Amino acid sequence: MTSSMPQGCSATIERLCQRAGVSRAGYYRFWRASAPRAHDTTVRDAIQRLALANGRHRGYRLVSFQLRQEGLTINHKRVLRLMRQDNLLCLRKRPFVPPTTDSRHGWPVVPNLARGMQLSGLDQLWVADITYIRLQEQFVYLAIILDAFSRRVVGWAMADHLQASLAIDALKMAIERRRPAPASLIHHSDRGTQYACSDYTELLAAHDITPSMSRVGNPYDNAKAERFMRTLKTEQVDGTLYRDLRHARADIDRFIEEIYNTRRLHTALGYRTPAEFEAWHRANLRLGVGDAALDGGSATPTPNLPLDPKTPRRQASP
């Protein structure tokens with residue numbers, strides 16, 4: 001009551017206390033005892049709204065950041081305590097993982113060109129990967145292509161098989177959407193037969209895209225694509241029972257387009273969404289390869305700090 005009144009209303013409070021038969025000091029003692037509980041109620045309501053709106057897949061740090069964006073001053077430790085008390089902590093599940101990569105084939109394997117790149121713009125490095133999606137009675141498979149600079153998913157495809165056409169459909173979608181400049185883009189993937197076969201490499205060559213493949217058994221080389229797959233599983237797929245391929249495709253398409261690319265905040269992007277980061281990059285930084293492609297120009301990727309912590313870091317030349 002006092003927090004919403006102007007400072008000249010002390011006489012009104014005094015009259016109310018007289019009518020209620022309590023002293024002003026007693027009223028303020030009660031207010032000081034009840035105000036923290038009232039604030040907790042307000043914060044709990046906001047936390048529940050944010051946590052349930054995201055399907056209980058957002059961590060307490062991101063929820064804390066969103067609360068501060070809404071004007072609530074609160075420490076992340078308090079958010080963690082309230083989320084734990086209300087059973088709103090993230091849902092986590094580690095499902096069975098069927099194999100999606102078969103590197104035992106006779107197709108040529110190209111060197112790892114993504115290792116040691118430092119990205120300065122869009123469409124300099126794409127990373128690709130394939131994962132499984134569990135249905136009620138079978139598995140289907142999702143192939144994605146991610147822009148490593150903005151973390152935006154630029155191409156994806158789903159099918160009930162692991163043939164090369166699955167990865168090819170995702171690549172065609174990415175090329176159609178981004179239209180990268182010739183000889184400016186590196187495409188990085190694992191050594192699976194889908195990416196090493198002639199159909200896939202010929203499509204890369206037709207658009208003057210340079211292929212790159214991970215080292216054997218090294219998770220750091222394709223970490224950004226792997227991280228997206230983890231996000232997809234924990235924030236959307238786990239806990240969802242898909243009826244069939246059509247149901248799974250519609251739900252995952254919606255997650256990629258309406259949530260991951262345009263609404264989900266990324267700590268690596270300064271708490272921006274991939275779409276916001278790309279717009280910010282175009283407005284505030286010099287043109288990257290993808291931007292130059294729109295103007296008919298091109299740019300060259302620059303050396304990067306490696307993802308593998310065991311690899312010594314190279315200093316950029318002055």
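Treating each Cα of segment 117-303 as one equal point scatterer and applying the Debye formula with no solvent, the log10 of I(q)/I(0) at q = 0.13, 0.16, 0.17 Å⁻¹ comes out as -0.66, -1.01, -1.14. Here the 3J(HN,Hα) profile of segment 68-73, calculated from phi with Karplus coefficients 6.51, -1.76 and 1.60 at θ = phi - 60°, is 5, 5, 7, x, 8, 8 Hz, Gly and Pro shown as x. For Lys172, the aspartates and glutamates whose Cα comes closer than 15 Å to its Cα, not counting residues fewer than 8 places off in the same chain, are Asp123, Asp129, Asp147, Asp199, Glu202, Asp208.
Each reported figure results from applying straightforward, stated rules to the coordinates on display, with no laboratory input. Everything numeric in this text was worked out from a predicted model, so none of it was measured.
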